[in-house]
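Participant: Here it is, the structure, as structure tokens.
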Amino acid sequence: MDQELQDSCLVASYLRGNEKALEVLINRHSQRIYSFIYSKVYNRDITEDIFQDTFIKVIRTLKRGKYNEEGKFLPWVMRIAHNLVIDHFRKNSRMPKFEGSDDFNIFSVLGDPSLNAEKQIIKDQVEHDVRRLICELPEDQQEVLIMRLYKDMSFKEIADKTGVSINTALGRMRYAIINLRKLVEKNNIILTN
């Protein structure tokens with residue numbers, strides 16, 4: 001029996017009232033989830049907190065009957081952990097405080113892995129949000145946007161590939177950007193850190 005199937009059986013068992021099933025699930029995945037959180041925050045105490053919060057959220061969601069991940073328990077938990085890490089960084093946009101010390105060294109900041117991890121996480125989240133919104137655009141706008149942004153094609157290449165004039169391709173791109181802006185506002189997405 002593969003792990004995903006075992007996981008979904010354990011979830012089902014827990015939902016039927018078997019508390020032990022959740023313990024098995026947590027023990028099975030705790031190492032991976034803990035390591036994942038630690039790799040983002042580089043701090044044992046914060047990792048512990050986020051780890052606990054992750055499972056509190058997992059339990060609440062399961063108890064409310066809101067779990068519906070087609071048997072993909074681990075990726076679901078990882079996503080919860082990832083979101084809690086982002087929340088942590090957004091709440092504590094931690095820039096190191098230097099109390100006018102003379103030995104302030106910019107390279108110690110640039111080399112601070114936790115700051116770089118923070119920027120990377122926010123960047124990943126922004127990219128994830130933007131990709132999700134692109135999927136909501138009309139197909140012709142989606143196509144032009146993806147060719148231009150992700151495939152770095154010129155408008156002439158896009159026009160040739162899609163069989164429309166350059167002006168039409170430019171127009172679709174313009175509408176795609178306008179619509180994307182509206183979607184960003186509608187979804188209250190913050191595109192900067």
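The values are calculated or read from the model by the stated rules, or taken from the named source; none is laboratory data. Owing to the predicted nature of the structure, the values given are computational and were not obtained by experimental measurement. Note: ideal-geometry Cβ built from the backbone for every residue, glycine included; neighbour counts use all protein chains shown. With ligands, DNA and RNA removed, areas are computed over all heavy atoms of the protein, side chains included. Shrake-Rupley method; radii C 1.70, N 1.55, O 1.52, S 1.80 Å.
Participant: HN-Hα J couplings of region 43-56 from phi, Karplus 6.51/-1.76/1.60, θ = phi - 60°, integer Hz, Gly and Pro as x?
Facilitator: Couplings: 8, 4, 5, 5, 4, 4, 4, 5, 4, 4, 4, 4, 6, 4 Hz.
Participant: For a protection proxy built on the mean count of beta-carbon atoms within 10 angstrom, sort 20-27, 73-80 highest first, please.
Facilitator: 73-80, 20-27
Participant: Hey, another quick one. Summarise the accessible area of region 131-193 (1.4 Å probe, protein heavy atoms) by the percent that is carbon and sulfur.
Facilitator: 51
Participant: Over 25 Å between Cα atoms: which of LYS123/LYS186; LYS63/LYS186; LYS63/LYS123; LYS63/LYS91; LYS40/LYS123; LYS63/LYS182 fall into that group?
Facilitator: Going by Cα-Cα distance, LYS63/LYS186; LYS63/LYS123; LYS63/LYS91; LYS63/LYS182 fall outside the 25 Å limit.
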